[in-house]
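Below: the structure, in structure tokens.
The values are calculated or read from the model by the stated rules, or taken from the named source; none is laboratory data. This structure is a prediction, so every number in the text was calculated from the model and none was measured. All Cβ positions, even for glycine, are placed from backbone atoms using ideal geometry, and neighbour counts span all protein chains on display.
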Ligand SMILES: Cc1cc2nc3c(=O)[nH]c(=O)nc-3n(C[C@H](O)[C@H](O)[C@H](O)COP(=O)(O)OP(=O)(O)OC[C@H]3O[C@@H](n4cnc5c(N)ncnc54)[C@H](O)[C@@H]3O)c2cc1C
């Protein structure tokens, strides 16, 4: 069989790309080394983490918020085994969905490790060691990423663990130490803090979620401390970790260079992810990866240095996000089919699924200041939102940043209830280059959390928020 496109990897980049290729009439095959499709996202990333976040949010609300509504419960317990089983069932439903979509779109799939023999021939090595080769006009590398390891801190996968093991714990930690105050560490830290664990976050930077707009990290830290009792050790450089029996010891240097020791029963190392290209045989076609982060270099059309070989998603530059991988997958399929697709990387939203949720799109205040751009800023607190008062979710705010002269929206930064879903309004507005006044004049249903976006936009336009 001669394919038009072979996709290596079936994560959100790979499977979306394969489906779009098939829709465009290209004969397509996908190679996946694991027995289920969906990659990191569906198996050990976005979906399972959100399943656990939902379970733990229900538990935490039942324990701490139901009382305010006059609902009382006796003997509230969490069944960890059931929680993990439910999460596994959610994964199974989603991965089965990809199998269905591949069949529906007549995409051939191969289970095994894909590697380059030459730029048009891919060898598939199956788990029993047998091999077969298939040929193609184009290849899309979508092999994703894996957790970064710290050379001085060996992960034993039992007590010193990565996000993958943290999604499968059989008990609630008593004291969970999280190394890294980024998205994954805070989401998984929240899961176990809501279920009763003491959680200490150790972060090298001066703030958590440090790549997002500065105000968001400060507010998130305040709320996680207040509502979940999470502790934060910022400006701390971790120097090592050891585990013995059920005890984990993590050593660090504080901002003054003083040695500090943390003792807990589990430690999640969540310091980032690195592109995954092992055993892909890139050397056989003359592709080298970048020294930092192991990424494959691509041009604006996602093409590598070899004609007809493309790379997308976590394995290339840019944010390691499922929706970015998906959009790149669609982009490459359409480009191969001769279309002229486009991605605006400035408008890829970033989300943290803690509670309150955090979501951002466009430029941060820090970026605008650094670029010397003149901007106006309008904020609206959820404390003044009728909907937030009704649900008891009054922490957080919306901030709209707009061009000082044209009023064009340059960035929207939200921390608050359902921020992850609300950010879509800002993305659409910015895609159509809306002004803050445009958003302020659009009718928003009442009572909804989205009214806070309208109010922040009004505040940015002419300091004329109605309810502030
Ligand atoms: C705990 C956690 C939570 C996350 N939450 C979110 C979230 O809420 N939102 C979000 O946008 N992002 C989230 N992410 C990030 C997201 O999962 C990734 O950005 C996304 O999965 C990247 O997609 P991808 O297609 O590039 O690669 P991946 O999803 O990593 O898929 C790559 C696939 O390629 C396969 N593969 C690798 N090498 C070969 C080979 N040689 N042959 C055959 N197959 C191969 C792998 O087995 C894998 O299935 C999360 C990540 C983690 C770890």
Original post:
So how many residues does the range 126-156 have that are without any contact (Cβ under 8 Å) to a residue 60 or more places away in the chain and in the same structural domain as residue 313 (by TED's automatic domain parsing)?
Top reply: 8
**OP:** Go through the residues of the range 357-377 one by one and say whether even a single one is in contact with a helix residue (DSSP H, G or I) (Cβ under 6 Å, 6 or more places away or on another chain), within 16 Å of the ligand (Cβ to nearest atom), more than 22 Å from residue 191 (Cβ to Cβ) and part of a strand (DSSP E or B).
**Re:** yes
Original post:
So is residue 359 crowded, with 23+ Cβ neighbours inside 10 Å and under 14 Å from residue 411 (Cα atoms) or not?
Top reply: yes
**OP:** Please go through the range 358-377 and pick out each residue that is in contact (Cβ under 8 Å) with a residue 60 or more places away in the chain, touching a strand residue (DSSP E or B) at 6+ places or on another chain (Cβ under 7 Å) and on the phi < 0 side of the Ramachandran plot.
**Re:** 358, 359, 360, 361, 364, 365, 376, 377
**OP:** Check 466, 439 and return the single one that is assigned to a helix (DSSP H, G or I) and more than 21 Å from residue 224 (Cα to Cα).
**Re:** 439
Original post:
When only residues in the range 302-322 that are touching a strand residue (DSSP E or B) at 6+ places or on another chain (Cβ under 9 Å) and in a helix (DSSP H, G or I) count, which is surrounded by the fewest Cβ atoms within 10 Å (Cβ to Cβ)?
Top reply: 315
Original post:
Under the condition of being touching a helix residue (DSSP H, G or I) at 6+ places or on another chain (Cβ under 7 Å) and assigned to a loop (DSSP other than H, G, I, E, B), which residue from the range 389-409 is surrounded by the most Cβ atoms within 10 Å (Cβ to Cβ)?
Top reply: 396
**OP:** Would you confirm whether any residue within the range 126-145 is closer than 30 Å to residue 264 by Cα and modelled with pLDDT of 95 or more?
**Re:** yes
Original post:
In this structure, does residue 45 turn out to be within 15 Å of the ligand (Cβ to nearest atom), under 21 Å from residue 188 (Cβ atoms) and buried (at least 19 other Cβ atoms within 10 Å of the Cβ)?
Top reply: yes
**OP:** Using the structure shown, decide if residue 224 is surrounded by 14 or more Cβ atoms within 10 Å (Cβ to Cβ) and either in the same structural domain as residue 193 (by TED's automatic domain parsing) or away from the ligand (no atom under 16 Å from the Cβ) (or both).
**Re:** yes
Original post:
Taking the range 378-388 as the search range and keeping residues that are assigned to a helix (DSSP H, G or I) and in contact with a strand residue (DSSP E or B) (Cβ under 9 Å, 6 or more places away or on another chain), which one is nearest to residue 430 (Cα to Cα)?
Top reply: 382
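In the list 89, 75, 54, 68, which residue meets the criterion of being more than 10 Å from the ligand (Cβ to nearest atom), within 22 Å of residue 352 (Cα to Cα), surrounded by fewer than 21 Cβ atoms within 10 Å (Cβ to Cβ) and outside the structural domain of residue 170 (by TED's automatic domain parsing)?
54
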Subject >> Selection from the range 11-42 of residues that are touching a helix residue (DSSP H, G or I) at 6+ places or on another chain (Cβ under 6 Å), buried (at least 24 other Cβ atoms within 10 Å of the Cβ) and under 21 Å from residue 277 (Cα atoms) >> reply: 11, 12, 13, 15, 16, 17, 30, 37, 38, 41, 42
Subject >> Residue tally, condition within 12 Å of the ligand (Cβ to nearest atom), farther than 20 Å from residue 199 by Cβ and part of a loop (DSSP other than H, G, I, E, B), over the range 143-185 >> reply: 3
**OP:** Considering each residue of the range 272-296, count those that are within 16 Å of the ligand (Cβ to nearest atom) and in contact with a helix residue (DSSP H, G or I) (Cβ under 8 Å, 6 or more places away or on another chain), and give that number.
**Re:** 7
**OP:** Test residue 19 against the criterion of being at pLDDT 95 or above, near the ligand (Cβ under 9 Å from one of its atoms), over 23 Å from residue 87 (Cα atoms) and touching a strand residue (DSSP E or B) at 6+ places or on another chain (Cβ under 9 Å), and give yes or no.
**Re:** no
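Of the residues 27, 33, which is away from the ligand (no atom under 16 Å from the Cβ) and touching a strand residue (DSSP E or B) at 6+ places or on another chain (Cβ under 8 Å)? Can you show your working first?
Values: 33 fails: away from the ligand (no atom under 16 Å from the Cβ).
Unique residue meeting the criteria: 27.
What's the total number of residues in the range 95-132 that are more than 12 Å from the ligand (Cβ to nearest atom) and either within 26 Å of the chain's Cα centre (by Cα) or in a strand (DSSP E or B) (or both)?
Within the range 95-132, the first condition is being more than 12 Å from the ligand (Cβ to nearest atom), and the residues that meet it are 96-97, 99-108, 117-121, 128-132.
Add one more test, that the residue is either within 26 Å of the chain's Cα centre (by Cα) or in a strand (DSSP E or B) (or both), and what stays is 96-97, 99-102, 108, 117-118, 121, 131-132.
Looking only at that region, the number is 12.
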Original post:
If residue 299 passes every condition in (1) within 16 Å of the ligand (Cβ to nearest atom); (2) in a loop (DSSP other than H, G, I, E, B); (3) at pLDDT 95 or above; (4) more than 18 Å from residue 348 (Cβ to Cβ) but one, which one does it miss?
Top reply: (1)
